[in-house]
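The values are calculated or read from the model by the stated rules, or taken from the named source; none is laboratory data. It should be emphasised that the depicted structure is a prediction, and the values quoted were computed from it without experimental measurement. Because the Cβ atoms are built from the backbone with ideal geometry, glycine has one as well, and the counts that use them run over all protein chains shown.
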Amino acid sequence: MVKREAQYIGGLNAPHHYFIAQIKVESSCKEGLIAYDGGTGLMQIMPATARELHQKYPYLRKLLYNPLSPEWNIRAGILYDYACYKNTICEGWYFAFRAYNGGLGNINREIERAGSCEWKEVEKACKRGRDKHVDFCRVNISYPYKIFRFAEEYNLK
């Protein structure tokens with residue numbers, strides 16, 4: 001299902017192995033999961049983002065709105081990944097995944113502060129803060145690295 005959706009949305013050479021790894025990172029591949037912060041489904045899409053995606057993409061509206069449905073959630077997550085890819089200042093899946101995880105505006109501000117598309121420079125420009133449980137910079141910076149590490153298991157073409 002992930003490969004089919006990735007190829008439909010991103011073309012035959014879509015990096016479906018990244019999206020499978022992203023599902024592993026987001027939900028450990030557990031259907032029906034709702035996180036403490038409201039992230040829903042296999043790709044842990046936030047409720048407001050889910051509603052926005054459903055309104056924006058006719059291809060997603062072909063499915064009944066159900067963020068817990070694996071098919072809906074995978075399609076929505078991959079559409080959102082590509083939207084992040086197209087709308088980050090710097091090109092590449094590293095930046096797209098950071099936008100997916102921590103917000104497009106946040107990653108674009110970090111890129112602007114860094115004045116660079118070098119990953120390490122952008123990471124140094126992170127100023128997201130923390131709460132009593134989470135260091136938001138650490139979580140967001142580690143996110144694409146986890147995806148890339150797991151993706152090698154699924155890069156079977």
Selection from the range 68-87 of residues surrounded by fewer than 22 Cβ atoms within 10 Å (Cβ to Cβ) and in contact with a Phe, Trp or Tyr (Cβ under 6 Å, 6 or more places away or on another chain) yields Leu79, Cys84
Looking across the range 138-157 at residues that are loosely packed, with under 12 Cβ neighbours inside 10 Å and in a loop (DSSP other than H, G, I, E, B), the single one that is modelled with the lowest pLDDT is Lys157
Checked Glu112, Glu91 against criteria (out of contact with any Lys or Arg (no Cβ under 6 Å at 6 or more places or on another chain), over 25 Å from Lys24 (Cβ atoms), modelled with pLDDT of 95 or more and not hydrophobic (A, V, I, L, M, F, W, C)); the one match is Glu112
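So that you can scan it fast, the table gives a plain yes or no per residue for (1) at pLDDT below 95; (2) within 20 Å of Ala50 (Cα to Cα); (3) among the aromatic types (Phe, Trp, Tyr):
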| position | (1), (2), (3) |
| --- | --- |
| Leu79 | no, yes, no |
| Tyr100 | no, yes, yes |
| Asp131 | yes, no, no |
| Phe136 | yes, no, yes |
Taking the range 30-54 and keeping residues free of Cβ contacts under 8 Å to residues at least 12 places away in the same chain and in contact with a Lys or Arg (Cβ under 8 Å, 6 or more places away or on another chain) leaves none
Scanning the range 35-83 residue by residue, those closer than 15 Å to Met1 by Cβ and basic (Lys, Arg) turn out to be Lys62, Arg75
The condition from (1) farther than 28 Å from Ile111 by Cα; (2) in contact (Cβ under 8 Å) with a residue 24 or more places away in the chain that Tyr18 misses is numbered (1)
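Scan the range 44-54 for residues that are touching a helix residue (DSSP H, G or I) at 6+ places or on another chain (Cβ under 8 Å) and either in a loop (DSSP other than H, G, I, E, B) or closer than 10 Å to Gly77 by Cβ (or both) and jot them down.
Within the range 44-54, Gln44, Ile45, Thr49, Ala50, Leu53 qualify.
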The residue from Lys120, Lys127 that alone is charged (D, E, K, R), without any contact (Cβ under 8 Å) to a residue 24 or more places away in the chain, over 26 Å from Met1 (Cβ atoms) and assigned to a loop (DSSP other than H, G, I, E, B) is Lys127
Answer yes if at least one residue in the range 27-43 is farther than 22 Å from Cys137 by Cα, in a helix (DSSP H, G or I) and of a type in the set (Lys, Arg), and no otherwise. no
